[in-house]
Amino acid sequence: MSDGIIVAIISGVGTLLVAILSYIGNRKGAKESNDANAKLIAYRIQQLEEKVGKHNQVIERTFRLEGRMDEVEHDIRDLKKG
């Protein structure tokens with residue numbers, strides 16, 4: 001074999017090894033990044049659920065207070081008539 005062919009084969013094998021190692025490294029880094037993103041998303045969803053729960057409690061309390069105010073206004077109207 002000529003020297004040019006041997007050099008080309010060695011260069012090709014070296015390039016292939018670097019490409020394979022780079023692919024493996026990138027896959028591992030991407031998996032770690034995806035795991036971190038999933039944890040962050042889960043945490044943020046949990047925080048949002050807590051905020052929504054608090055909001056719903058306020059809405060329920062406001063609804064009950066409005067109902068009681070209707071009763072009070074009705075009682076006041078009755079007192080003014082009587």
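Taking the listed residues Ile45, Ile5, Ile9, the one that is assigned to a helix (DSSP H, G or I) and within 14 Å of the chain's Cα centre (by Cα) is Ile45, with no other qualifying. Look at (1) under 26 Å from the mean Cα position of the chain (by Cα); (2) modelled with pLDDT under 90; (3) of a type in the set (A, V, I, L, M, F, W, C) and you find that Val58 fails only one, number (2).
The values are calculated or read from the model by the stated rules, or taken from the named source; none is laboratory data. On a predicted model such as this, the values are computed, not experimentally measured, just so you know.
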